[in-house]
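The values are calculated or read from the model by the stated rules, or taken from the named source; none is laboratory data. Not measured: the values here are computed from a predicted model. Please note: Cβ atoms are built from the backbone with ideal geometry, for glycine as well, and neighbour counts cover all protein chains shown. Heavy atoms of the whole protein, side chains included, go into the accessibility calculation; ligands, DNA and RNA do not. Shrake-Rupley method; radii C 1.70, N 1.55, O 1.52, S 1.80 Å.
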Amino acid sequence: MQRLVIDWGKQMAADYQAIVIGGGIVGCSVLYALAERGWTNTLLLEKNELTSGSTWHAAGNCTHFGHDAEMTRLYVETLKVYERAEKESGQSIGFHKTGSLRLATTKEELAAYKKLEPVYERLGVPYRVVTPEEIPEIHPLMSLDNVLGAAHTPEDGYVDPSGATLAMAACARARGAQIKRHSAVGKIEQLPDARWRVHSGDQSYTAEHIVIATSFWAREMVVQLGLDLPLYPLEHHEIITEDSAEVAQVGFELPTVRDPLIPANIRQERNGILLGIYESQPVAWSTNGIPPDFGQELLVPNLDRLMPHFKKAMTRMPVLAEAGIKVANNGPICYTPDGLPMLGTLPTHDNLWIAAGFSAGIGTGGGSGQYLAAHMVDGQAPYNLPGVDPARFAVSQPRAAIIEKILATYAAGYSVPDAEKV
């Protein structure tokens, strides 16, 4: 009782302006963006090491492609943020500018890509739809069966996810923000004066604002507040092949290919190939609760499930037929029913913010941190982005229905959205 009285009375103002829970790329991006805007009395709490969740095993792909102009701003801003953090901190983000090709295998896909050309012109982002005849010069190892064209974004590439995270963390620290690793958060509560109290081990901290950036742990973290968020993890496989002489002889690093027929993203990894596969029959993971001791682990891969997709990939890129599989990673990834993140305020509680459910956490992490921090500091979102507003899930649904939608969204891969959304 004495400790509670001392903690409550020693300081009526909050200890911190904001506490960010979660030290992945999104949490560190939020902390960095807040610090850039002058909020330096901030604290990030991470239960393990930075990047220990889904960040460390991500492919690191960064694209400027998006079907929605406002969502595309998150992609465009993201790489700028990572490069700015690299310059400020001296920590390499390991960026490889390779460009990307998003294949059109139907007339609807080709029309959707062409419709985006004026959008990218307004955004000032290099973009054009290339013909099948132009593709071999951009990517000489690809079969063009069923390809009608492709959206080409030459400024795309990939980063080292850990490097980008650590760069932003270093920049935030340099401005005065604090980061505590191995500080698992247990209880979170809103005090009668609207401040937040966060309990971590035998320590407690208060803040005016709290940000939940804990990926697939986010749902369980806010259950104690009476919230039931539609955030669940599922398994996501990546395959890395052995080195290929054909890849090594190309003379430049191949662009990332996103093929809606597989569906998968395919890029060069050293002199081999990396495939991120979106299974047609995906598998949810630990929907009844994340194992308490789960940290920086991978799940057991299931190559049998991947073989139908891998065979399609070999048809698209014949070099895969001769390259043996070196690594098969299976890691959990957090999704929402519509595949877009929950990024903003949770309206049920004052100054409770969430940044979770990222299907493309590396590709949108930098821009998402900027968007959320601007909303927190200025009191309003910097631009209209209804697709990520957590309020869109205000009406709760049965768990089974939510998981079914999540799996269907994941399985859709790179399909074109409904015409009215294009």
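Observations
- Filter result (farther than 15 Å from residue 98 by Cα and either open to solvent by 60 Å² or more (accessible area, probe 1.4 Å) or among the aliphatic types (A, V, I, L, M) (or both)) within segment 151-165: 164
- Filtered by the rule that a residue be out of contact with any strand residue (DSSP E or B) (no Cβ under 7 Å at 6 or more places or on another chain), of a type in the set (A, V, I, L, M, F, W, C) and surrounded by fewer than 24 Cβ atoms within 10 Å (Cβ to Cβ), segment 346-376 gives 360, 374.
A quick yes/no check of all residues on (1) assigned to a helix (DSSP H, G or I); (2) open to solvent by 20 Å² or more (accessible area, probe 1.4 Å):
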residue	(1), (2)
30	yes, no
44	no, no
52	no, no
57	no, yes
65	no, no
72	yes, no
77	yes, yes
83	yes, yes
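- Residue pairs whose Cβ atoms lie under 8 Å apart, separated by 6 or more positions or on different chains, with the first residue in segment 389-403 and farther than 17 Å from residue 346 by Cα and the second part of a loop (DSSP other than H, G, I, E, B) and hydroxyl-bearing (Ser, Thr, Tyr), are 399/287; 403/287.
- Flag if residue 102 is surrounded by fewer than 19 Cβ atoms within 10 Å (Cβ to Cβ) and out of contact with any Leu (no Cβ under 7 Å at 6 or more places or on another chain): no
- Test: residue in segment 138-150 that is buried (at least 20 other Cβ atoms within 10 Å of the Cβ), out of contact with any helix residue (DSSP H, G or I) (no Cβ under 6 Å at 6 or more places or on another chain), of a type outside the set (Asp, Glu) and within 18 Å of residue 47 (Cβ to Cβ): no
- Conditions (1) open to solvent by 20 Å² or more (accessible area, probe 1.4 Å); (2) farther than 25 Å from residue 154 by Cβ; (3) not in a helix (DSSP H, G or I): number failed by residue 250: (2)
- For beta carbons closer than 7 Å, sequence separation of 6+ or different chains, a first residue in segment 314-326 that is in contact (Cβ under 8 Å) with a residue 60 or more places away in the chain and a second that is assigned to a helix (DSSP H, G or I), the qualifying pairs are 319/246; 319/247; 320/313; 320/314.
- Of all residues in segment 298-325 being in contact with a helix residue (DSSP H, G or I) (Cβ under 7 Å, 6 or more places away or on another chain) and open to solvent by 40 Å² or more (accessible area, probe 1.4 Å), the one that is farthest from residue 259 (Cα to Cα): 321
- Of all residues in segment 87-99 being open to solvent by 70 Å² or more (accessible area, probe 1.4 Å) and in a helix (DSSP H, G or I), the one that is farthest from residue 413 (Cα to Cα): 88
- Residues that are touching a strand residue (DSSP E or B) at 6+ places or on another chain (Cβ under 7 Å) and open to solvent by 80 Å² or more (accessible area, probe 1.4 Å) within segment 166-203 comprise 173, 187, listed in sequence order.
- Single condition residue 81 does not satisfy, out of (1) among the β-branched types (Val, Ile, Thr); (2) at pLDDT 95 or above; (3) farther than 30 Å from residue 208 by Cα: (3)
- In segment 106-127, residue nearest to residue 271 (Cα to Cα) [restricted to those that are in a loop (DSSP other than H, G, I, E, B) and open to solvent by less than 20 Å² (accessible area, probe 1.4 Å)]: 125
So that you can scan it fast, the table gives a plain yes or no per residue for (1) at pLDDT 95 or above; (2) open to solvent by 10 Å² or more (accessible area, probe 1.4 Å); (3) under 16 Å from residue 329 (Cβ atoms):
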site	(1), (2), (3)
257	yes, no, no
264	yes, no, yes
279	yes, no, yes
288	no, yes, no
294	no, yes, yes
